[in-house]
Amino acid sequence: MSTMTQNEHAGIAGKVVAVTGASSGIGEATARHLARLGAHVIVGARRTDRLETLAKELRAEGARVEHQALDVTRRASVEAFVGFARNRLGRLDVLVNNAGLMPLSPLAALHVEEWERMVDVNIKGVLYGIAAALPVFHAQGHGHVINVSSIAAYRVVPTAAVYCATKAAVNFITEGLRQESRTIRTTIISPGVTESELGRSVTHAETATWLAEYRKHAIPADAIARAVAFAIAQPSGVDVNEVVVRPTGQP
């Protein structure tokens, strides 16, 4: 085992980590990676059949994994998810707000319902997670909020106006939380093109065509999982505030 892996393992083993949107993509990869590094992972998503399969596979490897149905657009569901982690394991060390949607389309296409869904999942879902976790973190005197954002938070492009806006909001919310707290760590993880199901939510035909081409050179979701682990593994006095991870050749 390399020194880096040893240090990472030491900084993660035994920590209680809750991951939203863990049924596929970055969330699933993050849950797998952290569990294999010794964290006690709680995975949440709407597709509970996938969560059960993931938990079964990891438990067979000796990992500690719990699963709970979760809809991040419902505040009560997010509160129940965080409460499940606290009640079952006695505490919560890290919340990874990963759930997200990316149904891109030109504004003129008027896919208003998709705009609303992005706001509900990408922004309100993060806020619900923070609202549920903060009382737990304050009571125990420590905690770590990791919000999965996107490179879309830094630059808007055609068809992505609403998505970019939601991710920019995630960045500002996270930075605001950092400034308001002296005991809670915050991290923004901003992936570039990454293997996931995000592109499948695009219903605008022309956008879906160019996006499929754009996403041909994606990095594996595990690359983002390793970035999450790096942030968690730091000593308590070190807060990795922002990490951007993208394919080497991405413009």
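Quick check on my filter: what residues within segment 138-186 are farther than 16 Å from D239 by Cα and among the polar types (S, T, N, Q)?
Q140, S149, S150, T159, T166, listed by residue number.
Would you check if V17 is hydrophobic (A, V, I, L, M, F, W, C) and within 19 Å of D222 (Cα to Cα)?
On the way: hydrophobic (A, V, I, L, M, F, W, C): yes; within 19 Å of D222 (Cα to Cα): yes.
Yes, satisfied.
This table checks each residue for (1) crowded, with 19+ Cβ neighbours inside 10 Å; (2) assigned to a helix (DSSP H, G or I); (3) without any contact (Cβ under 8 Å) to a residue 40 or more places away in the chain.
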{"site": "D222", "(1), (2), (3)": "no, yes, no"}
{"site": "A231", "(1), (2), (3)": "yes, yes, no"}
{"site": "V243", "(1), (2), (3)": "no, no, no"}
{"site": "T248", "(1), (2), (3)": "no, no, yes"}
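Given the residues I188, I173, which is the only one that is modelled with pLDDT of 95 or more, buried (at least 19 other Cβ atoms within 10 Å of the Cβ), within 17 Å of T30 (Cβ to Cβ) and of a type in the set (V, I, T)? Before the answer, list the steps.
Numbers: I173 fails: within 17 Å of T30 (Cβ to Cβ).
On inspection, the qualifying residue turns out to be I188.
Mind checking which residues of segment 173-210 are polar (S, T, N, Q) and part of a helix (DSSP H, G or I)? Steps first, answer last, please.
Initial filter on segment 173-210 (polar (S, T, N, Q)): 174, 179, 181, 183, 186-187, 190, 194, 196, 201, 203, 207, 209.
Listed by number, the residues that qualify are T174, Q179, S201, T207, T209.
If we scan segment 55-71, do we find a residue that is under 21 Å from L127 (Cβ atoms) and surrounded by fewer than 18 Cβ atoms within 10 Å (Cβ to Cβ)?
The answer is yes, given that some residue of segment 55-71 is under 21 Å from L127 (Cβ atoms) and surrounded by fewer than 18 Cβ atoms within 10 Å (Cβ to Cβ).
Among the residues of segment 134-172, write down those that are assigned to a helix (DSSP H, G or I), more than 17 Å from I188 (Cα to Cα) and among the small types (G, A, S).
Listed by number, the residues that qualify are A139, A161.
The values are calculated or read from the model by the stated rules, or taken from the named source; none is laboratory data. These numbers were taken from a predicted model, which means no experiment stands behind them. Here the Cβ is made from the backbone with ideal geometry for all residues, glycine too, and neighbour counts use every protein chain on show.
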